[in-house]
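As structure tokens, the structure follows; a few thoughts come after it.
The values are calculated or read from the model by the stated rules, or taken from the named source; none is laboratory data. Since the model is a prediction, treat every value here as computed from it, not as a measurement. We place every Cβ from the backbone using ideal geometry, glycine too, and count neighbours over all the protein chains shown. With ligands, DNA and RNA removed, areas are computed over all heavy atoms of the protein, side chains included. Shrake-Rupley method; radii C 1.70, N 1.55, O 1.52, S 1.80 Å.
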Amino acid sequence: MLPNLDDAEVMKLVTALGTILAIAILVHDAGAQDKPPGGKADLRDQAIVLCGDGLTGDHCQMAREIMRLALSNLGPKIPDWRFVVIPESRWQQAADSFGVKRTTPAFSSLSIRTTYVEGNLLFADGRVDENLQRFTAASGLRRLVWVMAHEYGHIVCQTTDERKANAAAGYLIYGRRKVCR
């Protein structure tokens, strides 16, 4: 018999289970990819993933691993590029400081070679994100990969054009080599 849980405890449990499921799927997908001889990946091939203020300890480590696994599924390595996961509580401030719409789930600054990602993309909380539904019906891990593919489109094609980034994202997701058109 399950104990009686209040709404906050149920949401914490749902969040934890969703995160565990996302990590399990990512680990499974990453394990299916070819590995270099000797079974060890070169550290230079790993994405530089950092945590923004307010994301610490186990949450930071989990965010970094989820991001690395999602990025590894996209293919192209981008040397010296940083990905910074910003907790939901600090997202509006980060978006405002770069002049980006607060509803944007991720954005890249080509000049400083950094992509900023809202923590909600990594830590599913069971809520429906109406803003993202305009762009993709995907949720959870697939949504994170889609958003990262879109940002990769900006980065790889060196463009601020949203349509070009979307087109490149589609090519990246399906494993095509020539993504900038």
**OP:** Would you tell me the accessible area of Lys77, worked out with a 1.4 angstrom probe on the heavy atoms of the protein chains, in Å² to the nearest 10?
**Re:** 110
**OP:** Multiply the residue separation of Phe98 and Glu65 by 0.36 nm, subtract the distance between their alpha-carbon atoms, and state the gained length in nm to one decimal.
**Re:** 9.3 nm
Original post:
How do Phe98, Phe123 stack up against each other in accessible area, from largest to smallest, with a 1.4 angstrom probe?
Top reply: Phe98, Phe123
Subject >> Distance (nanometres) between label positions extended 7 Å along Cα→Cβ at Ile48 and Arg181 >> reply: 3.3
